[in-house]
Amino acid sequence: MNSQKPSRIGVFKQFILNNKFVLFLMILLLIGLNILVFMKVSFIFTPISVLLKTVLLPIVLASVVYYLLNPIVNFLERKKVKRIYSIFLLYILIAGIITIIIVSVIPFLREQVMSLIYNVPTYSMDIEVLTRDVLGSEVVNQVQHTLNINIADFSSRLSEQAASLLNTTWIGIGHFVGAVKDFVLAIVTLPFILFYLLKDGRRLPDFILNFLPVNMRRQTFTVMKEMNNQISSYIRGQIIVSFCIGVLMFIGFQIIGLDYASVLAIIAGCTSIVPYLGPAIAITPALIIALVTSPFMLLKLIIVWTIVQLIEGKVISPQIMGRNLHIHPITIIFIILTAGNLFGIVGIILAVPGYAVIKVITSHLFEWFKMRSKLYDEAKEEKQ
């Protein structure tokens, strides 16, 4: 009896515990069971989710500004200026810049925005007339007969889609008002969060590492450092690139004489924060205004947009962004689309830096798994 028991333990240890692949499957099974349990008792985490939704936006905004201002604070600190004095100096400077913008720029932009809103019905009617003229032309009729396309049916479907989109927009106004309220609260709390980030942000890694076992601290610090580099490079680079695109668009719109050049340039700069998809979204309102103005204006707009995109793609982005993220453009587009469907506007904005962080963590976990499992040992495979 006693001689059989150790042998069974030995067999179990040999085929289960010492088998790396089986052990890996058991770990995946345990992770899946934990996820299933958490899904069944998800109501327990409702207060935590509400807390995260409340503090997420202020923390994200404060983190973005932190990555922009922290190099300046570090520079002043190296020049023997105390860190807290540097922060107060930056706050005074930013307050002055905001005051100048409110006094001088906002009234000018307000006139253009109000004029654009006032002329939206006129632009809609012009687009409708232009669409009817195009659909009623002989060329379109010949194409319709050749390809057996029912233009009237297509127009009715297009109208139904437009009406559905309009209804969805009106329904979303309530959500927009709630988002504006959250944004205002985030702006109010941002200076306080930002102050402590600039003052004590350097101590945060050491504070986190104190909760980890000693033998994990070195590798975890390396991961945190890479994550910080990825996020800071992306945020600073993307904001500078977006600012350059907005300036170039404004110059181009002024040269060709496009109406509402300032507003359209600001829209282009803001939407360019989203890589690849942002410029395509930004050009849409400019295309509508140019199309209503004249076909020649539309041609000039396309030329300006093409030149700006070439300058951004060949000169600005390679110099500012470099290849820090090492992410293929197709991958970025898929990430943005998926994050947008899952989390909306916030997901679109945070998709690329979030993916960069996940990529760093996953790559280090995979390296750790390769080292511990010995499943990717090429030298061992060659000997066998």
inquiry  = Tell me the residue from Leu28, Leu61 that is of a type outside the set (Gly, Ala, Ser) and in contact with a helix residue (DSSP H, G or I) (Cβ under 8 Å, 6 or more places away or on another chain), please.
reply    = Leu61
Elements of type helices (runs of 4 or more DSSP H) contained in segment 314-384, each with 3 or more residues being modelled with pLDDT of 80 or more and open to solvent by less than 90 Å² (accessible area, probe 1.4 Å) = 329-373
Leu212 vs. criteria surrounded by fewer than 17 Cβ atoms within 10 Å (Cβ to Cβ), on the phi < 0 side of the Ramachandran plot and outside any helix (DSSP H, G or I) = yes
task = Return the pairs, sorted by first residue and then second, in which the second residue is open to solvent by 20 Å² or more (accessible area, probe 1.4 Å) and at pLDDT 85 or above, the first residue lies in segment 249-266 and is hydroxyl-bearing (Ser, Thr, Tyr), the beta carbons are less than 8 Å apart, and the residues are 6+ apart or on different chains.
result = Ser262/Phe250
note = When restricted to Leu51, Leu29, Leu89, Leu61, the only residue open to solvent by 70 Å² or more (accessible area, probe 1.4 Å), assigned to a helix (DSSP H, G or I) and at pLDDT below 85 is Leu51
request  = Please find, within segment 215-263, the residue that is modelled with the highest pLDDT out of those that are farther than 29 Å from Ile348 by Cα, in a helix (DSSP H, G or I) and not β-branched (Val, Ile, Thr).
outcome  = Gln254
query = Considering Ile251, Ile303, Ile289, Ile267, which residue is over 27 Å from the mean Cα position of the chain (by Cα), under 23 Å from Phe108 (Cβ atoms) and among the β-branched types (Val, Ile, Thr)?
reply = Ile289
Ser272 among the polar types (S, T, N, Q), under 30 Å from Ile117 (Cβ atoms) and under 12 Å from the mean Cα position of the chain (by Cα) = yes
message = Please go through segment 83-92 and give me each residue that is without any contact (Cβ under 8 Å) to a residue 60 or more places away in the chain and more than 15 Å from Pro71 (Cβ to Cβ), ordered by number.
response = Tyr85, Phe88, Ile92
key: Of the criteria (1) at pLDDT 85 or above; (2) open to solvent by 80 Å² or more (accessible area, probe 1.4 Å), which one Lys300 fails   = (2)
ask   = Out of all the residues in segment 198-206, is one or more open to solvent by less than 50 Å² (accessible area, probe 1.4 Å), among the charged types (D, E, K, R), in a helix (DSSP H, G or I) and more than 30 Å from Ile281 (Cα to Cα)?
value = yes
inquiry  = Residue pairs, Cβ under 9 Å, 6 or more apart or interchain, first in segment 38-52 and under 17 Å from Asp182 (Cα atoms), second open to solvent by less than 90 Å² (accessible area, probe 1.4 Å) and assigned to a helix (DSSP H, G or I). List them.
reply    = Ser49/Ser42
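The values are calculated or read from the model by the stated rules, or taken from the named source; none is laboratory data. Just so it is clear, the structure is predicted and the values come from calculations on it, not from any experiment. Using ideal geometry, Cβ is built from the backbone for each residue, glycine included, and neighbour counts are taken over all protein chains shown. To get the accessible areas, we keep the full protein, side chains included, count just its heavy atoms, and leave off ligands, DNA and RNA. Shrake-Rupley method; radii C 1.70, N 1.55, O 1.52, S 1.80 Å.
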